[in-house]
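Novice: First the structure, which I've put down as structure tokens, then a few questions once you've had a look.
The values are calculated or read from the model by the stated rules, or taken from the named source; none is laboratory data. This is a predicted model, so every value here is computed, not measured. In this analysis, Cβ positions are derived from the backbone assuming ideal geometry, glycine residues included, and neighbour counts consider all displayed protein chains.
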Amino acid sequence: MMNNTLAQLRELRMNAMALGVEEQMASPNSATLSFEERLALIVDKEIHTRSDKRREALLKRASLKYPQACIEDLDTRAARGIERSAVMSLALSRWVEDGASILITGPTGSGKSWLGCALAQYACRRGQSALYIRVPRLAENLRILHGDGSFKKWLMMVERTDVLVLDDWAMVTLEGPTRADLMEVLDDRCGKRATIVTTQLPIEHWHSWIGDATIADAMLDRLLPRAHRIQLKGESLRKESAGKVGKSTLVKEESKSS
């Protein structure tokens, strides 16, 4: 009878629940639990397994540049100009549900992309969808989407995504067609979906980068009013990382020579 029950559970794609039953059958301690307690444990195992699979799927779909970036690992040395408590408070808030923007600015190598990915990764861990886009590659990607007729489908997918990461904003010149498409993306998300923007360019210079005064006003009107701003400071973390690698290599070479 139990083998038949296990087979039925797997047929219903409740594999974790079937595994939970097998584990209880193999454990002598399970006999001390009531029926209600054993059932609760089995159902809980199925729910947690499904949640883990959903989080894995969300992270894969997000295509983050730094998929392993976690806000718990945030470097908050004083020279960087940010506080862990402030970032954690933001991550734990309802910024995604409220459709807010997070604008992360700072010099090259200061960790803007990493922080943007960490916030999006945490949203995925909470069961929310995310999508990472590098703005310098957006023009080429949009040309392909328009060329094969899939732009509208892509636009609808982006509109439904809970968190959109626009990385390296204002790094290259914004072309007219790209500007118009980007305006559509921001307009669809305004007040409904959350957007993270990372950039080296100070916000006061965005207007001139966008190029068209009317569209620039419209874009900024959709991004700035409900925005959380994070200003990163300090030396490039890439230089620091390269220095550590170089020092480690030197130590190894000296060790070999000795």
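Novice: Looking at the range 64-100 only, could you name the residues that are farther than 15 Å from ILE230 by Cα and hydrophobic (A, V, I, L, M, F, W, C)?
Specialist: Answer for the range 64-100, where residues must be farther than 15 Å from ILE230 by Cα and hydrophobic (A, V, I, L, M, F, W, C): LEU64, ALA69, CYS70, LEU92, VAL96.
Novice: A further question on this structure: Among the residues of the range 178-203 satisfying the criterion of being under 18 Å from the mean Cα position of the chain (by Cα) and not in a helix (DSSP H, G or I), which is surrounded by the fewest Cβ atoms within 10 Å (Cβ to Cβ)?
Specialist: LYS192
Novice: Need pairs with beta-carbon distance below 7 Å; first residue more than 14 Å from ALA100 (Cα to Cα) and within the range 194-211, second surrounded by 20 or more Cβ atoms within 10 Å (Cβ to Cβ) and aromatic (Phe, Trp, Tyr); sequence gap 6+ or separate chains.
Specialist: THR198/TRP169; THR199/TRP169
Novice: Which residue, of ARG38, ARG61, ARG125, is under 23 Å from THR161 (Cβ atoms), of a type in the set (D, E, K, R), in contact with a helix residue (DSSP H, G or I) (Cβ under 8 Å, 6 or more places away or on another chain) and surrounded by 12 or more Cβ atoms within 10 Å (Cβ to Cβ)?
Specialist: ARG125
Novice: Looking only at the range 64-78, filter to residues that are charged (D, E, K, R) and surrounded by 14 or more Cβ atoms within 10 Å (Cβ to Cβ); which one of those is modelled with the lowest pLDDT?
Specialist: Filtering first and then ranking leaves ASP75.
Novice: Report every pair of residues separated by at least 6 positions or lying on different chains whose Cβ atoms are under 7 Å apart, first residue within the range 151-170 and touching a residue at least 12 places away in the same chain (Cβ under 8 Å), second assigned to a loop (DSSP other than H, G, I, E, B) and exposed (fewer than 15 other Cβ atoms within 10 Å of the Cβ).
Specialist: ALA170/LEU201
Novice: Collect the residues in the range 79-103 that are modelled with pLDDT of 90 or more and of a type in the set (Val, Ile, Thr), keeping them in residue-number order.
Specialist: Residues satisfying the conditions are VAL87, VAL96, ILE102.
Novice: Just to check your reading of the model, which residue among LYS153, LYS256 is at pLDDT below 95 and of a type in the set (Lys, Arg)?
Specialist: Matching residue, one of LYS153, LYS256: LYS256.
Novice: Further question on the same structure: Given (1) within 17 Å of LEU131 (Cα to Cα); (2) surrounded by fewer than 21 Cβ atoms within 10 Å (Cβ to Cβ), identify the lone condition not met by ASP148.
Specialist: ASP148 satisfies every listed condition except (1).
Novice: Determine which single condition LYS45 fails, assuming it passes every other condition in (1) in contact with a Leu (Cβ under 8 Å, 6 or more places away or on another chain); (2) closer than 30 Å to ALA194 by Cα; (3) part of a helix (DSSP H, G or I).
Specialist: It fails just one condition, (2).
Novice: Another one. In the range 41-53, which residue that is more than 9 Å from ALA16 (Cα to Cα) and surrounded by 13 or more Cβ atoms within 10 Å (Cβ to Cβ) is farthest from the chain's Cα centre (by Cα)?
Specialist: Among those residues, the one meeting the criterion is LEU41.
Novice: If I ask for residues that are of a type in the set (Asp, Glu) and touching a residue at least 40 places away in the same chain (Cβ under 8 Å), which ones from the range 59-96 would you list?
Specialist: Passing the criteria: ASP73, ASP75.
Novice: Out of contact with any Cys (no Cβ under 9 Å at 6 or more places or on another chain) and closer than 30 Å to SER236 by Cβ: which single residue out of ILE47, ILE104 fits that description?
Specialist: ILE104
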